[in-house]
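Remarks on the structure that follows.
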Amino acid sequence: MSTLDPKGASGSGAQIVGGGVGEGPGPEIMAAATLDGDKVITADGEHVGKVSDIMLDVRSGRIAYAVLSEGGFLGMGTTLHAIPWSALTLDTAEKCFRVDITAQRIKDDPGFDKDHWPSMADASWGTQLHQYYNRQPYWAEMSAGTRGSFEQGRDVQGL
């Protein structure tokens, strides 16, 4: 049995670092619920919040964003931030996510609150968000060759 290549054809998923491999699933394939509540650490080492949701692009079958919950108390005054999935690195040794921007940059992003979510399917909003995190939108990567790579993988595996 072969394992999946996390740096596969598109390279648009979250990266994985650390040595945290044990019995059962993970870290390459995990239940989304096991990642909820994981802390997020910035490039300058600050703990800026926790993953509160993982957003799926239902049509493409890909993870689009992680939602960072920052600040507040008991859900009141909490600011939410969408982070492109490709901007995150899962650190299995520290059991957290790392993002390669500073804490101040996340704090400068106005974010949104639990009652006023952005239209995450809006390509304009998504493009601006990906630019903020210095990432290419995942849907642009898909149209630039991921589908061809997937089809080649199917042929190799005989599916």
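Brief remarks follow.
- FRET efficiency for Trp125 and Thr92, using Cβ-Cβ distance with R0 set to 25 Å, rounded to 0.05: 0.20
- Sites Ile29 and Asn134 - FRET efficiency at Förster radius 25 Å, r taken between beta-carbons, to 0.05: 0.40
- Environment charge of Thr42, counting only residues whose C-beta is closer than 15 Å and scoring Lys/Arg +1, Asp/Glu -1: -4
- Packing-based order for 122-135, 98-111, using average beta carbon neighbours within 10 Å, highest first: 98-111, 122-135
We did not get these values from a lab; they are worked out from the coordinates using the rules stated. All values reported here derive from a predicted model rather than from experimental measurement. Reconstructed Cβ throughout: ideal geometry from the backbone, glycine too, with neighbour counts over all protein chains shown.
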